[in-house]
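What follows is a single structure, written as structure tokens, with notes after it.
The values are calculated or read from the model by the stated rules, or taken from the named source; none is laboratory data. Keep in mind it's a predicted model, so treat the numbers as computed, not measured. Please note: Cβ atoms are built from the backbone with ideal geometry, for glycine as well, and neighbour counts cover all protein chains shown. To get the accessible areas, we keep the full protein, side chains included, count just its heavy atoms, and leave off ligands, DNA and RNA. Shrake-Rupley method; radii C 1.70, N 1.55, O 1.52, S 1.80 Å.
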Amino acid sequence: MTALPLRPDLRGCEPYGAPELNVPVRLNVNENPYPPSPAVAADIAAAVGRAAAGLNRYPDRDFPALRSALADYLDAEAGVRLDWRQVWAANGSNEVMMQVLQAFGGPGRSCLSFTPTYSMYPEYARDTFTRYVTGVRREDFTLDTDAVAAAIVRERPAVVILASPNNPTGTALPLDDVAAILEAARGHGPADAPGADGGAAHCVVVIDEAYGEFRRPGVPSALELLARTDAVGAPRYPHLAVTRTMSKAFGMAGLRLGYLAGSRELVDMLRIVRLPYHLSAVSQAAALAALAHREELMSQVASLREERDALVTWLREQGWTAYESDANFVLFGPFADREAVWRGLLDRGVLIRVVGPDGYLRVCVGTPQEMERFRDALVHVTTGADTADTADTKENNA
């Protein structure tokens, strides 16, 4: 027993975190397997060195240079031109989400999401004293927009969080579905927050696009909806926020830089709750240097998409269910004892994730060599054979 006054709602809780094990093949936390090139690393180091000369001063607390660079990137990646004041950044998309719930959630208010989805969402809500409410997805993990609208009208949440692509299922949201949800959210925010016209406020709809760059060709980004205006030129969806990160496609997980795009009004409300100088001068310098190399850092995205699609095909050929994915991971199964499969893979040096619906596992896309190790280990664990033996058997039976 402890004499420390831990909050009652935190008693018995464990810190969040996927297993961090030193194994040859780590495919459990959806990282980009390709490190920055020596040239990129050198430029980042030089930028950090220049920033270090001024570390006796506080960093720019509103960092317009970085926000402008992020706006330029979103224009290049999604074809959506935003004013830099519509972009915000923090220490990973985790902090961005926390700021959203600090600004719009809190005691007496709720956050709505639909499971299965990212396991940190309820923790963001818990830590901001926001009630977390969930609905369920269809069997194929898509969303029934009518059911989402009904839940919004019933619950009147302050915030709705929807991942697209969804984690752990890889499912992307069609743009029309996002627009329909935004319309349902109009005027159905918390009752204690009157809107500008005297009616009820909108609820904030967050589309979490942490894996957005991995979406298949032709799959749009929710960023496109930020460009829509009403009859007088005002933002049609001032209650839309789209979150992104440099951790995944950029291969900068160690940088801890997440960001959000939304209306200027929404971003300015986040600035109210941000801690003073929350983004260090070192982080700003490193992120700006990385963004200057965005084409090189993003060059592996296409090959990772191809590897992902090939993995889905291979898993299905082995007789498992593998879901279409617009992310850099694949959900597959079912297994009668997924823990045993996970342990068997780990014993062979391959770490993946036990997450999502019962019986299913999630594997991140790695290098071709890592994926070969995964395929060989999975076949061995589930059949006792190796992939080479399986290939020989198929050839002999042809």
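The angle between the Cα long axis of helix 387-397 and the longest principal axis of the Cα atoms of the chain comes to about 60 degrees, rounded to the nearest 10.
About the centre of its Cα atoms, the stretch 24-171 shows a dipole size close to 440 debye [charges on the beta carbon of Lys, Arg (+1) and Asp, Glu (-1) only; nearest 20 debye].
What stretch of the chain, leaving out the sites themselves, is the longest with no chymotrypsin sites (Phe, Trp or Tyr not before Pro) in a DSSP loop having at most 15 other Cβ atoms within 10 Å? Here the longest segment lacking exposed loop sites spans 130-276. Computed over the alpha carbons of the chain, Rg followed by Dmax gives 22.1, 75 Å.
Computed over neighbours whose Cβ is under 15 Å from that of Ser299, the net charge equals -3, Lys and Arg +1, Asp and Glu -1.
Scanning the chain for trypsin sites (Lys or Arg not before Pro) that sit in a DSSP loop and have at most 15 other Cβ atoms within 10 Å, the longest stretch containing none of them is 229-398.
Ordering Met298, Met252 by accessible surface, largest first, gives Met298, Met252; the 1.4 Å probe counts only protein heavy atoms, with every chain in place.
Cα centroid separation, the stretch 305-337 to the stretch 102-124: 29 Å. Here the Karplus relation 6.51 cos²θ - 1.76 cosθ + 1.60, evaluated at θ = phi - 60°, turns the backbone of the stretch 350-367 into coupling constants of 10, 10, 10, 10, 8, 7, x, x, 3, x, 10, 10, 10, 10, 7, 7, x, 6 Hz, with x for every Gly and Pro.
Reported to the nearest whole Å, the Cα centre-to-centre distance from the stretch 154-218 to the stretch 1-42 is 27. Remark: the stretch 1-106 carries a charge dipole of roughly 300 debye about the Cα centre, counting +1 on each Lys and Arg Cβ and -1 on each Asp and Glu Cβ. Compute the signed sum of charges (Lys and Arg +1, Asp and Glu -1) over the other residues within less than 14 Å, Cβ to Cβ, of Ser164. Neighbour charge sum, excluding Ser164 itself: -3. Label-to-label distance for Val29 and Asp83 is 3.8 nm, based on points extended 7 Å past Cα in the beta-carbon direction. Once the Cα-Cα distance is subtracted from the 0.36 nm per residue extended length, the Val282 to Ser303 segment shows a gain of 4.5 nm.
Full extension of the segment from Ala46 to Asp337, taken as 0.36 nm per residue of separation minus the current Cα-Cα distance, would add 99.8 nm. The GluC sites (Glu not before Pro) found in the stretch 1-110 that occupy coil by DSSP, while having at most 15 further C-beta atoms within 10 Å, are Glu20. Accessible surface calculations at 1.4 Å, restricted to protein heavy atoms, place the chain at 45 Å² per residue. Multiplying the residue separation of Arg61 and Asn22 by 0.36 nm and removing their Cα-Cα distance gives an extension gain of 10.3 nm.
Alpha carbon centre of the stretch 279-293 versus the stretch 230-257: separation in Å? Here the two parts' Cα centres lie 17 Å apart. Of the residues Asp176, Asp268, Asp376, ranked by 1.4 Å probe accessible area with the largest first, the sequence reads Asp176, Asp268, Asp376. With a Förster radius of 45 Å applied to the beta-carbon distance between Asp268 and Gln318, the computed FRET efficiency rounds to 0.30. Residues whose amide H comes within less than 5 Å of that of Asp208, counting only those at least five positions distant or on another chain, are Leu162, Ala163, Ser164, Thr243 (H built at 1.01 Å from N in the peptide plane). Computed over neighbours whose Cβ is under 13 Å from that of Val80, the net charge equals -3, Lys and Arg +1, Asp and Glu -1.
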